[in-house]
Amino acid sequence: MLNAPKLFLIIGTISFSALAAELTPINDNYEKIKSTNTAIRRNAAIYLGSDSQPKTIDVLQSYLNDPDSSVRRAVVSSLSRIVNNNPNISSDKIRLNNLTSALTTQFSIDENIGVRISIINALGIIRNNFSRKFLLQMLKDPYPIYRAEALRAIQNYQNPEDYSLIVQGLTDEAEGVRITAAEIIANRKIKNATSLLLKNLADPVMPVRLSMVRALGEIGTARELGGLEKMLNDSDPTVRQAAQEAIEKIKQRQTR
């Protein structure tokens with residue numbers, strides 16, 4: 001039988017070993033992210049995203065300008081994960097402000113579309129005043145893909161003032177932005193968008209009509225049934241089916 005001192009020593013050794021095993025991978029990746037091998041740096045950046053230590057934000061932030069775009073995307077994604085998974089970081093305003101500044105600076109100089117989109121998504125997770133200001137500017141960007149992603153990001157603020165901007169997205173000249181706006185409106189149940197949704201039912205692009213019909217199915221009332229019933233004669237069978245489903249959803253809500 002083991003005496004108490006030996007048992008304590010064994011338990012202490014096991015506990016220390018478990019702790020070391022848990023910490024070593026993170027510490028290893030602090031070194032691996034410095035590697036000259038792109039795959040090693042990328043994997044290290046991905047792994048560091050599972051760490052919740054605030055200092056990891058500082059480490060990853062210094063690699064936002066990595067020469068390889070896949071590493072930069074991994075860095076931005078991991079930064080998003082750390083902020084999203086650690087609610088305590090939201091109180092560290094200085095660190096988040098510094099991170100926002102670093103991300104927006106990288107956006108301005110990065111030529112990779114994927115990295116830029118990742119940065120927009122990250123700013124939607126950070127949700128501070130500086131990131132919101134940047135996203136509002138992106139809603140006016142000349143490139144539709146960035147306007148659409150800015151809409152997706154700004155919905156995370158769940159601010160009624162921002163919802164009006166999402167509704168305005170239904171008037172965007174680019175169909176991709178209008179589709180994105182309709183999807184957000186459907187998911188967030190933004191009620192004051194019905195008139196613009198109905199207007200877009202006449203759009204010549206089928207995916208636009210489809211997204212509007214589906215959104216009306218989520219937020220529409222009896223007032224919108226007439227517009228949806230017209231879509232039962234749409235030239236596209238997918239739109240016709242979606243219109244039928246939207247009508248049924250609205251009628252089901254009326255009977256509750």
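No value in this document is a laboratory result; all are computed from the given coordinates. Every value quoted in this text rests on a predicted model; they were computed, and no experiment measured them. Cβ atoms come from the backbone with ideal geometry, glycine included; neighbour counts cover every protein chain shown.
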Answer check: the chain, Cα atoms, Kirkwood Rh, Rg/Rh ratio of 1.15
Could you list, bin by bin from short to long, the percent of Cα-Cα pairs of segment 47-151 in 10 Å steps? 16, 53, 28, 3
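In deg cm²/dmol, rounded to 500, what helix-only [θ] at 222 nm does the chain give when every DSSP H run of at least 4 residues adds -39500 (n - 2.57) and the total is split over its residues?
Values: 14 runs with 184 residues, N = 256.
The helix-only estimate for the chain comes to -23000 deg cm²/dmol at 222 nm.
When the chain is fully extended, how far beyond the present Cα-Cα distance does Leu136 get from Tyr157, taking 0.36 nm per residue of separation?
6.4 nm
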For the chain, find the longest principal axis of its Cα atoms and tell me its angle to the long axis of helix 93-109, 0 to 90°, nearest 10. 70 degrees
Post the alpha-carbon centroid distance, segment 192-256 to segment 27-57, in whole angstrom. 47 Å
The chain: angle of helix 175-188 to the longest principal axis, Cα-based, in degrees nearest 10: 80 degrees
To two decimal places, what compactness ratio does segment 162-245 give when its Cα radius of gyration is scaled by 2.2 N^0.38 Å? 0.96
Computed FRET value (nearest 0.05) for Lys55 with Ile145, which takes r as the C-beta separation and R₀ as 35 Å: 0.55
Taking the chain as the reference, fit the longest principal axis to its C-alpha atoms, fit the long axis of helix 144-154 to the helix C-alpha atoms, and give the angle between the two in degrees, 0 to 90, nearest 10. 70 degrees
Computed lengthening from Asn112 to Asn129, 0.36 nm per intervening residue step minus Cα-Cα distance: 3.6 nm
How much length would be gained if the chain were fully extended between Ser101 and Asp68, taking 0.36 nm per residue of separation minus their Cα-Cα distance, in nm to one decimal? 9.8 nm
